Structure formats: structure tokens, C-alpha cells
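*Asks:* Sharing a structure, written as C-alpha cells. Questions coming.
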Amino acid sequence: MKGQRLGWAPYALLLPSLAFLAVFFAAPMVQAFGLAFQNDAGNWSLESWRTMFADAQFREALVTTLVLIVILIPVQFVLAMAMALVINARLKWSGFWLYIYAIPLGISELAAGIIWFVIFTQQGWLNSILQGLGILDRPYIFLNYQNPAWLIFAVVLAEAWRATSIIMIILVAGLQGIPRDFFEAADVFGATSWQKVRRVILPMLRPSVQVALILRTILAFQAFAVVIALAGGGLTVLSSEAYRWYSDYRNSHVAAAYAGFILMLSVVSTVLFLWLLPVREEQQG
Amino acid sequence: MTSIARDLPAAPRADREAVAARQARARRRLLGRGLLYAAAVLLALWVLFPIYLITITAFSPRDAVYDYPKQLIPGTFSAETMRFFVDAEGVLGALWNSVLVAVVTLIFSTLIGAPAGYALARFAFRGRDAFRLIVLSTRAFPIVILSIPLAVSFIEWGIYDTVWSVALMHTALALPFTVLITSSIFISVPRDLEEAALTLGCTPATAFVKVVLPLALPGLAAASIFTFVLSWNEVFAAVILTLRERTLPALVLAALNQSPVPFRLAAGWFMLAPSLIFIFVIRRYLLGLWGRVSR
């Protein structure tokens with residue numbers, strides 16, 4: 001439709017979005033940096049950053065966040081890939097399987113945290129089942145402040161349960177983009193299923209994997225409600241520190257420094273994935 | 001494929017070997033199929049079992065919530081725990097706020113985002129790629145970094161702690177998705193139909209309303225449901241931007257560590273239930289919505 005008389009039309013249609021994003025996205029972003037790099041008097045300073053780095057909770061929050069991500073992302077990828085391959089195998093009722101696997105897509109972090117709290121709590125399901133099987137003879141306190149390993153394990157399970165579906169959907173969409181001929185060609189050459197995954201699917205899926213990794217990691221840096229629901233104050237992550245500084249200490253400067261730090265980590269991880277998993281031009285969708 | 005080997009003339013022994021090999025392959029395929037179904041069922045159980053557990057616990061009587069060890073087959077059904085939650089202070093108000101915020105978010109993001117999606121789908125114009133890039137890149141920015149400065153601004157503007165402030169924030173989160181999703185929906189509406197309408201004397205506006213919109217409507221509805229769920233579930237911004245006018249997740253989160261187990265249980269179930277229905281309604285669109293947007 002180039003050179004039409006309505007040459008201004010697309011711009012008019014974009015205008016509301018651009019204006020809204022300018023006011024509610026770009027402006028707050030700039031303000032966030034202003035907040036993080038200014039003190040209460042409104043002078044430029046690194047005070048909030050110094051406060052953040054010196055805070056006793058900072059190190060713990062950073063380490064927990066990173067540990068969670070390092071464990072979670074591979075676990076989720078294996079799970080999501082298994083789900084995607086099952087969907088792609090075109091079993092009977094493939095729509096049914098897809099729906100089941102996609103259910104957690106609509107479940108919030110908080111709800112997932114509560115669900116797994118009910119499982120892990122002292123009078124909860126895990127203890128009931130383990131005792132029923134004779135593995136435990138009395139309930140074990142999994143969610144214990146003195147036991148960060150179990151707290152992290154519970155958070156990892158809850159997050160793997162909730163947030164795998166988004167990766168699964170991206171991978172299934174990617175799988176459907178692989179021409180069927182490729183699989184048939186692999187069959188002709190007598191490829192085993194494992195070889196098909198390794199040599200056909202993974203290389204062809206690279207753009208989807210990259211997108212899913214980036215998206216999931218950015219979201220994982222913001223994990224928040226699930227940690228509070230499962231661990232209470234027993235574990236802290238970067239986002240809950242930002243929340244604590246804003247709500248409990250009424251210090252939006254340090255909270256903004258935390259937010260800025262999370263943003264920085266998100267950008268670094270995105271660049272890292274783009275660099276580690278380069279996608280060739282012709283593979284871009 | 002295998003049929004080529006079958007059709008070739010071959011010595012009898014080689015033929016027998018080929019048959020044996022084919023049978024072995026068929027057996028292996030059957031076994032593979034069986035394993036796939038087993039995997040499908042296992043993965044489905046992994047998703048469904050926790051939902052089953054919270055459901056039977058949430059619908060047991062209030063004192064049975066503390067029962068130990070718990071029984072996998074539920075005893076008495078009771079809405080007592082749920083009623084306790086709904087009657088708790090602030091819950092109904094928060095529920096209403098959540099619905100309001102989600103509806104306002106849905107309306108805002110559709111009204112603002114869909115035109116941009118249409119522009120991306122239908123026009124080739126300078127700056128198109130730049131705009132797409134801007135929209136895509138917004139996903140890299142965490143909610144955390146938006147909420148805190150927006151809270152400061154909303155206090156200045158006098159709309160802090162209202163349904164509007166949360167809805168505006170959620171619209172900012174949902175808008176990029178809305179733009180990308182609606183653009184892929186409009187792309188799937190054949191342009192020929194629209195052009196036919198134009199040559200038959202429709203103005204661009206009536207062509208859009210009479211031809212494009214009816215065809216795009218199911219997709220747009222699915223996209224709106226997705227936006228609704230996004231807002232319904234969001235908790236960080238909601239808890240930062242409100243004090244008294246809490247949404248349901250914000251209320252539950254703020255009270256979580258002081259609240260009794262039945263309250264948490266019912267709250268968890270209450271937040272979970274709508275998503276089961278919503279994902280069911282839009283299940284056909286999931287791949288289209290997410291798959292295409294993620295590219």
C-alpha cells in the first residue's frame with residue numbers, strides 16, 4: 001500500500017501506543033535512574049548504591065537469585081523440551097495434552113507459591129505421602145529458616161511447575177516451523193530418536209531456544225511472590241529486597257538501585273545468550 | 001522411505017532379512033509410541049497433581065485443613081474454608097478491585113494497542129521496523145524498575161492507591177503484547193477481502209468495521225482474555241502501587257505471612273481457578289498468541 005493517499009495513517013495509528021509508552025514506560029525508566037543516582041536532597045550521588053552493596057541482605061539476595069536461575073533454567077528446559085516433543089509427536093488428543101501442559105501459563109507466581117506451600121508445609125502433602133510410604137516416621141519440617149537448601153528446592157519446584165509452560169509453548173511453535181521433510185529425511189538415513197533431537201531438532205530450534213532462554217531468565221530475575229509464599233523471610237531475592245526497601249523502609253532510592261541492578265543483570269544475561277547462541281540471519285522468523 | 005527398498009528386486013535371503021529388519025523397526029516404533037504416551041501421562045500428572053491437592057484441601061472443612069497425615073481421597077466436601085476466605089476482611093473489595101483493574105487494563109490496552117497492531121500488519125511505512133524493535137525491547141525491562149518510579153509519580157498526580165494507577169501500570173506491561181498479538185491477528189485476515197470492500201465503495205473505516213473486525217474478533221477476544229489473565233495475576237506492581245485499594249494478589253501477598261493456613265489455601269485456589277477456565281477458552285489460540293509473538 002505504499003504511496004497511498006493515506007500516508008499519514010500508520011503514524012496516526014501508532015501515536016497512541018507511542019505516547020502511552022513514552023509516559024508510562026520511557027519516563028519511569030529515566031526516573032528510575034534519577035531515583036537510583038540521587039539522594040533525598042535531590043543531588044547526584046552514589047549513596048543508594050553504596051547502601052545497597054553494603055546491605056547485609058544484598059549478598060544473600062544476589063546469591064539466591066543466581067543459584068535459583070542456574071538450577072531452574074536447565075531443569076525447565078529439559079521439562080519443556082520433553083513436553084514439546086510429546087506434543088510434536090502428534091499423539092492422540094494432542095490438543096488435550098497441549099491444554100494440560102499450558103494450564104500453568106495462567107497461574108500466578110503467588111498462587112503457585114501457595115500451592116507448593118500446601119505441599120511442603122509441615123502438615124502438608126509431601127510429609128503425608130512420605131509417611132504413608134514409610135519413608136518418614138514423623139513429619140519433617142522442610143520449610144525451615146535454618147534449611148535454605150530445602151527452601152531453594154521448594155522454590156525451584158514451584159517455579160519449574162509454573163513457568164515451564166511458557167517455554168514449552170515457544171518450543172512447540174518453533175517445532176511446528178520445522179519442515180516435516182527433515183524428520184522424514186532423518187528416518188530414511190536411519191536416525192535414532194536421540195539423533196533426531198540432537199542433530200535436527202536442536203539446531204533448527206535455536207531461534208526459539210534463544211528467545212525462550214532470554215525471556216525466561218529475565219522473568220526469573222524478577223521472581224518474588226513465589227519466594228515469599230514458600231520461604232517467608234527465610235530466603236531473599238533481589239526483587240523482594242526492592243520491595244522491602246520501598247514498602248518497609250520507605251526508601252525509593254535504594255529500591256530503585258535494586259531495580260536498576262536487576263535491569264543490569266537482565267541486560268547482561270540477554271547479551272550473553274545472544275552471544276552464546278548466535279542465530280544466523282536466515283533462521284530469524 | 002522403506003517402500004523403495006521393498007520394491008527393489010532382491011535375492012530371497014536379503015528379502016527375508018529386510019522383512020525381519022522391518023518388523024524390528026515396527027516393534028521399536030510401537031515401543032517408542034508406548035514410551036511417548038507414558039511420558040505424556042507422566043508430564044500431565046506433574047501439572048495436574050498439585051492442582052488436585054490444593055483443590056481437595058481447599059474444599060475440606062476448616063479444621064480438616066490441619067489434619068495430618070492427609071488423605072489423597074477426599075473425605076467430606078465443604079465450602080467452609082472458601083467461605084472463611086471470602087468473608088475475611090477486605091477480600092471481597094480486593095476481588096472487585098482485581099476485576100476492575102483487569103477490565104480497565106483490557107480496555108486500555110486494546111484501544112491503544114490494536115490500532116498500532118493494525119498499522120504494523122497492513123502498512124509498509126518508514127519507521128516500521130524501528131517501532132517493532134521498540135515494542136519488542138520493552139520486554140527486557142523488569143516490572144520492578146517501572147513500579148517504583150511510577151509509584152512516586154502517581155503520588156504526585158494524586159492517583160496513588162487507586163484502581164486507575166494499577167490499571168495504567170498493567171496497561172504499560174500488556175501493551176507490547178497487545179500490539180504484537182493484534183498485529184499477527186490482523187495479518188491473518190486476508191488483505192484481498194479488505195481491498196475488495198474498498199473497491200466496492202467502502203471507506204477504509206467501514207471496510208475495517210464490516211470486513212476486518214468480524215474476522216479478527218475471535219483472535220482479539222483471545223488476546224483480551226490473555227491480557228485479563230496477565231493483569232489478574234500481576235502482584236509486584238499491584239502491591240507497590242496500593243495500600244488500601246488492594247487487588248486480590250496484593251492483598252494476599254501483603255497479609256500472607258500473618259495469615260492462617262486456611263486463608264492461604266483458599267486464596268491460592270481462588271487465584272488459580274479462573275486461569276484454568278481462561279486457558280481452556282483460549283487453548284486454540286495459545287500457540288498463535290505466544291508462538292508468533294515470541295519470534
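*Asks:* Which residues, taken from region A:120-145, are closer than 26 Å to A:G233 by Cα and either in a loop (DSSP other than H, G, I, E, B) or of a type in the set (D, E, K, R) (or both)?
*Replies:* Passing the criteria: A:T121, A:Q122, A:Q123, A:G124, A:R138, A:P139, A:Y140, A:I141, A:F142, A:L143, A:N144, A:Y145.
*Asks:* Take region B:82-97 and flag every residue that is touching a Ser or Thr at 6+ places or on another chain (Cβ under 7 Å) and within 14 Å of another protein chain (Cβ to nearest Cβ).
*Replies:* B:A94, the sole residue that qualifies.
*Asks:* Okay, moving on. Sort through B:V135, B:V163, B:V144 and tell me the only one that's away from chain A (no Cβ under 11 Å), in contact (Cβ under 8 Å) with a residue 12 or more places away in the chain and either crowded, with 21+ Cβ neighbours inside 10 Å or not small (G, A, S) (or both).
*Replies:* That would be B:V163, the only listed residue that is away from chain A (no Cβ under 11 Å), in contact (Cβ under 8 Å) with a residue 12 or more places away in the chain and either crowded, with 21+ Cβ neighbours inside 10 Å or not small (G, A, S) (or both).
*Asks:* Here's another thing I want to ask about it. Return the only residue of A:A242, A:A212 being over 19 Å from A:A80 (Cβ atoms) and surrounded by 19 or more Cβ atoms within 10 Å (Cβ to Cβ). Write out each step before concluding.
*Replies:* Working: A:A212 fails: over 19 Å from A:A80 (Cβ atoms).
On inspection, the qualifying residue turns out to be A:A242.
*Asks:* Oh, and also: Run down A:A163, A:A185, A:A173 and say which single residue is among the small types (G, A, S) and touching a residue at least 40 places away in the same chain (Cβ under 8 Å).
*Replies:* Selected residue: A:A163, the only one of A:A163, A:A185, A:A173 that is among the small types (G, A, S) and touching a residue at least 40 places away in the same chain (Cβ under 8 Å).
*Asks:* Which numbered condition trips up A:G42, out of (1) closer than 19 Å to A:L263 by Cβ; (2) not in a helix (DSSP H, G or I)?
*Replies:* Failed condition: (1).
*Asks:* Let me ask something additional. In region B:79-103, what residues are assigned to a helix (DSSP H, G or I) and closer than 14 Å to B:R62 by Cα?
*Replies:* Once the filter is applied, which keeps residues that are assigned to a helix (DSSP H, G or I) and closer than 14 Å to B:R62 by Cα, region B:79-103 yields B:E80, B:T81, B:M82, B:R83, B:F84, B:F85, B:V86, B:D87.
*Asks:* Something else: Take A:L205 and tell me if it is touching a helix residue (DSSP H, G or I) at 6+ places or on another chain (Cβ under 9 Å), more than 7 Å from chain B (Cβ to nearest Cβ), among the hydrophobic types (A, V, I, L, M, F, W, C) and free of Cβ contacts under 8 Å to residues at least 60 places away in the same chain.
*Replies:* So A:L205 passes the test.
Condition check ((1) hydrophobic (A, V, I, L, M, F, W, C); (2) farther than 20 Å from A:Y243 by Cα) across all residues:
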position: B:V103; (1), (2): yes, yes
position: B:L106; (1), (2): yes, yes
position: B:P115; (1), (2): no, yes
position: B:F123; (1), (2): yes, yes
position: B:F154; (1), (2): yes, no
position: B:L180; (1), (2): yes, yes
position: B:S184; (1), (2): no, yes
position: B:A197; (1), (2): yes, yes
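*Asks:* Please go through region B:147-160 and pick out each residue that is among the small types (G, A, S) and within 10 Å of chain A (Cβ to nearest Cβ).
*Replies:* B:S147, B:A151, B:S153
*Asks:* Just need a number here: residues in region A:135-154 that are more than 33 Å from the chain's Cα centre (by Cα) and either surrounded by 16 or more Cβ atoms within 10 Å (Cβ to Cβ) or modelled with pLDDT of 85 or more (or both).
*Replies:* Selection size over region A:135-154: 1.
*Asks:* Determine, yes or no, whether A:D187 is at pLDDT below 85, more than 9 Å from chain B (Cβ to nearest Cβ), part of a helix (DSSP H, G or I) and more than 30 Å from B:L251 (Cα to Cα).
*Replies:* Working: at pLDDT below 85: yes; more than 9 Å from chain B (Cβ to nearest Cβ): no; part of a helix (DSSP H, G or I): yes; more than 30 Å from B:L251 (Cα to Cα): yes.
No; evaluated as a whole, the condition is false for this residue.
*Asks:* Please return the ranges of helices (runs of 4 or more DSSP H) entirely within region B:171-257 where 1 or more residues are of a type in the set (F, W, Y), within 11 Å of another protein chain (Cβ to nearest Cβ) and within 25 Å of B:L100 (Cα to Cα).
*Replies:* Helices (runs of 4 or more DSSP H) meeting the threshold: B:213-233, B:236-241.
*Asks:* Keeping to region B:276-295, report how many residues are facing chain A (nearest Cβ under 7 Å) and either in contact with a strand residue (DSSP E or B) (Cβ under 9 Å, 6 or more places away or on another chain) or modelled with pLDDT of 85 or more (or both).
*Replies:* Total satisfying the criteria: 4.
*Asks:* On the basis of being aromatic (F, W, Y), more than 28 Å from B:S275 (Cα to Cα) and in contact (Cβ under 8 Å) with a residue 40 or more places away in the chain, does B:F154 make the cut?
*Replies:* In short, yes.
*Asks:* Name the residues in region B:27-76 that are farther than 29 Å from B:P260 by Cα, facing chain A (nearest Cβ under 7 Å) and surrounded by fewer than 16 Cβ atoms within 10 Å (Cβ to Cβ), would you?
*Replies:* B:G32, B:Y37
*Asks:* Consider region A:240-275. How many of its residues are in a loop (DSSP other than H, G, I, E, B) and under 23 Å from A:L110 (Cβ atoms)? Lay out the reasoning, then the answer.
*Replies:* The first filter runs over region A:240-275 and keeps only residues in a loop (DSSP other than H, G, I, E, B), leaving A:248-251.
When the remaining residues are screened for being under 23 Å from A:L110 (Cβ atoms), the result is A:248-249.
Count: 2.
*Asks:* A further question follows. If I ask for residues that are crowded, with 16+ Cβ neighbours inside 10 Å and part of a loop (DSSP other than H, G, I, E, B), which ones from region A:45-78 would you list?
*Replies:* Of everything in region A:45-78, just one residue is crowded, with 16+ Cβ neighbours inside 10 Å and part of a loop (DSSP other than H, G, I, E, B), namely A:D55.
*Asks:* Which of the residues that make up region A:160-180 are over 20 Å from B:P50 (Cα atoms), among the β-branched types (V, I, T) and within 8 Å of chain B (Cβ to nearest Cβ)?
*Replies:* Result: A:I169, A:I170, A:V172.
*Asks:* I want to confirm something. Restricting to region A:79-92 and keeping residues that are assigned to a helix (DSSP H, G or I) and not small (G, A, S), which single residue is modelled with the lowest pLDDT?
*Replies:* Checking each candidate, the answer is A:N88.
*Asks:* I'd like the residue in region A:78-113 that is of a type outside the set (A, V, I, L, M, F, W, C) and touching a residue at least 24 places away in the same chain (Cβ under 8 Å) and, out of all such residues, is farthest from A:A229 (Cα to Cα). So that I can check it myself, show each step before the final result.
*Replies:* Taking region A:78-113 first, the residues of a type outside the set (A, V, I, L, M, F, W, C) are A:88, A:90, A:92, A:94-95, A:99, A:101, A:104, A:106, A:108-109, A:113.
After this cut, where a residue has to be touching a residue at least 24 places away in the same chain (Cβ under 8 Å) as well, the list is A:88, A:101, A:104, A:108-109, A:113.
On the way: A:N88: 35, A:Y101: 23, A:P104: 17, A:S108: 12, A:E109: 9, A:G113: 5 Å.
Top of the filtered list is A:N88.
*Asks:* Among the residues that make up region A:166-179, is at least one of them part of a loop (DSSP other than H, G, I, E, B), at pLDDT below 85 and in contact with an Asp or Glu (Cβ under 9 Å, 6 or more places away or on another chain)?
*Replies:* no
The values are calculated or read from the model by the stated rules, or taken from the named source; none is laboratory data. Here the structure is a predicted model, which means the values were calculated and not measured. Positions of Cβ are generated from backbone atoms using ideal geometry, with glycine treated the same way; all protein chains shown enter the neighbour counts.
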